[in-house]
Every structure is written in C-alpha cells, then in structure tokens.
Amino acid sequence: MFPGLSRRSLLAGGASLGGAMIAAAAGRAQEAPPGAALEPVPEDPTRVQGQPVLSENGYGSRSQFESEVRWRYPTATAHTSWSMTPLASGHGIVTPSGLHFERHHAGIPTIDPRAHSLILHGMVEEPLRFTMDDLMRLPAVSRMHFIECSGNTLTEWEEPTLRTVQGTHGLTSTSEWTGVKLSTLLEMAGLRDGAAWILAEGADAAVMTRSVPVGKVMDDAILAYAQNGEALRPEQGYPLRLLLPGFEGNMQIKWLRRLEVSDTPYMTREETSKYTDLMPDGRARQFTFVMDAKSVITFPSGAMRLPRPGYYEITGLAWSGRGKVAKVEVSADGGETWEEAALEGPVLDKCHTRFRLPWVWNGEEAVLQSRVTDETGYVQPTLEELVAVRGTDSVYHLNAIQSWRVAGDGEVTNVHA
C-alpha cells in the first residue's frame, strides 16, 4: 500500500523528526513562554521531588517546552487588529481557549459581569432585561462549533503572500460553547407579527452591531457565556457573546448587551461599507452570511521542512457553514489526481473535522492540496474557479483550495497551483 515503507524506515523517519523536536524544545527552554513557568530540568526526574500541588496558585499552566502563541497581523494599530490561531500545532479539532483567533475593532473591553445586562426589545410583546445570573438560570446547551472570520485567507487572492498556515488560514477556531438558546429568550418575550431581523449590539468601544435574520436565531443561535468548560475569555466576549453557527465571525457579536427586533435589516456600517463582496461588475453582494465549505492541510504546510523521503501522515482541517463535512480528498500532484482521506470522528454539524491520509514522499517535488465536499453537495472550488465568478476586488469569503509545494530538499512553501 505504501511503497518503500518498512518498520525500519518509519522508525528512522520518526527519529529524525523527534530529534529535531527535542533540539528545538531545548533551545526554547531558556525562558518561559506565555502561559508557562520556567523550572529547572533535572537529569533524572525519578530522583528528585517534582513541583508541589497548586504551585501555580490554583490555575494550571502548560509545559515550558510548549511555545505556540497567536500571531497578530501587522495592522497599524493593535486595537483594530486580529490575531491568528497556530493551526499547524493543533491536535484534534478543539482550539485551546488561549489560542482561539481574535478580531477586534476597538480593543478588548473590561466588563464586570455583575453589572452587565442584556436588553431585548423592539417588535416583541414584552421587552425584557436579563442579568448574567438570569441567563445562567435558564436551560443551557453545550455544542461544538467553528467560528471563521470572513476575512480569513484575505491576503491570498492574487498571489501567495503569507508563509505559514497560521498566516493564511489562522482566522478560524473550534470550541465547545455553552449558553442559552436565543430562541428561548424570544419565546419568553413573544415575537410580534412581521418580526424578521434582530440587531445585535456589543459593549465594546466600537459598539459593534450586525443585523441577524430571525430564522437563523430561532434555528441554532446561542447566547454563550462559557467556552471549553470555563467562562469566556475577555477577548472572546466575556461575559456574553452571540454564537451563530456557520455564519461569518463578524456577526457573532461579543460583549453582547442589546438585541432589538425589527421587520427590516438595520443597514449598519458592518453590513454596507464593510463585510460585503464587491463583484467585477461593480455591484456588491450583501448579507453573505454563511461560510462556505473550506479545508486546508496543516501538515505538511508552509515554512516546514521534511527531513527525508519516506512515510508521513498528511493531516488538516475541513469545515462548512452549511452543515457537516461529507468527504475530503487529498492530492499530491497539484490536483491531477485525488485520494479520499479518512475523517476522524466525531464529524459534527458546522464544526471543524480532522482528516488524515498516509503518504510516502519519494523525495521529488510535490504539490499538496485538499478539497472538501459538504453534506449539501457543495465542493470546495479552485482559486481559478472562484476568481472567475467573484473577481479580486473583495477581500472576504475566500474558500479556495490551498496549495503547498514540497521541494526536493523538503522545504514547504505557499504557492498558487
């Protein structure tokens, strides 16, 4: 099945990779990375006592040999900017809360949950106000969903620009989200006839607002107050955010403070001059809420180097805002031929799905690609196909197939193929 693969070659390849990883870790351990504490490393850990219980004051830290962090795109100001998830170092599908991507328009507010409330008004029978305690007393749900910024991959429309998968695709993350279904609150308030849209408003300095269709809200929207088993992080909207599974990230308002029901959309800045898709004929697509099916290979990916020919496991992530991932195919020859990858369960609705495919690299140049098909039958397009329809005047909603070139010396680079 895998030409040239033997136990000896597999172990040799693993030793090469492992040795490089150990050397890199040793080099990093001169100072503690974020989230870790620097401790002396004994020659033999079986002959000395380890660190005492609660030595980190009751909140755990990661190993000093792990250094993955988010990377901030170099915008002019750090208050209106974004940071990107290190997808290449992820395992499984869950993104650690501290590595979940960020997008802010006026910095991260500091909000006391005891003083925070959510107002629900407009075309409802009874306007309501909820404190955080009120919300937490209501029936809760916990669900796994991805969030993706519609600007994810925005640098890659016309030419390959950023070197790593963190730079090209790092504006997507998956978490377990816990909160109350927004439909529960609307049922309590009572929607009036003709109610069709809801304005969601945040408590940040940008007072971020977006119009959301009532149909989506009644389907699967969540008012989330927890992420991955603990309260939301401040950068993720503490103490309350709107979660709209499968919709573009900008709509999933953080630091949520107000919901106003109307019969028409509100035409805010973020859905008129921003977050619309300018087409080649000068018209703009508006309300392009759903994030279409997308996938990317995270290993091997840009800025890596394969140490030698032999066996590797190609792996990556696939997702769709329209439902579940149905199939992922992988090509090692720039799309000339495709082989179906294995999907690692669970395969969940509007959630990242991990795919895997064994591959024997023969030492010659290869171009790696992945292509996802979702349960609606939608197939991830090539960049050429997408540009033919959309042009290159918009920066949003780029979900084209990504290509990684593996050179003869093992170096992996971002290319258009």
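FYI, it's all coordinate maths here, none of it is from the lab. Predicted model, so just to flag it, every value in this text is computed and none were measured. All Cβ positions, even for glycine, are placed from backbone atoms using ideal geometry, and neighbour counts span all protein chains on display.
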Count the DSSP beta bridges whose two residues both fall in the chain, then state the antiparallel fraction as a percent rounded to the nearest 5. 95
What percent does the relative contact order of the stretch 266-315 come to when contacts are Cα pairs within less than 8 Å and at least six residues apart? 24
Relative contact order for the stretch 294-415 using alpha-carbon pairs under 8 Å, separation at least 6, rounded to a whole percent? 33
Using alpha carbon centers only, the stretch 223-293 is separated from the stretch 138-177 by a whole-angstrom value of 14
Once normalised by the length of the stretch 182-257, the mean sequence separation of its alpha carbon contacts under 8 Å that are 6 or more apart gives a contact order in percent of 31
Lys/Arg +1, Asp/Glu -1 at C-beta; the chain dipole; positive extreme among 97, 115, 147: 115
Which one, 49, 166, 380, has the greatest fluctuation when you compute a Gaussian network model over the chain with C-alpha springs under 10 angstrom? 49
Span-like helices, the chain: DSSP H, alpha-carbon axial extent 18 Å or more, mean Kyte-Doolittle -0.5 or greater, which ones? 7-28
Whole-Å distance, taken between Cα centres, linking the stretch 109-125 and the stretch 375-392: 40
Exceeding the 28 Å Cα-Cα cut-off - candidates 254/294; 254/327; 216/274: 254/327
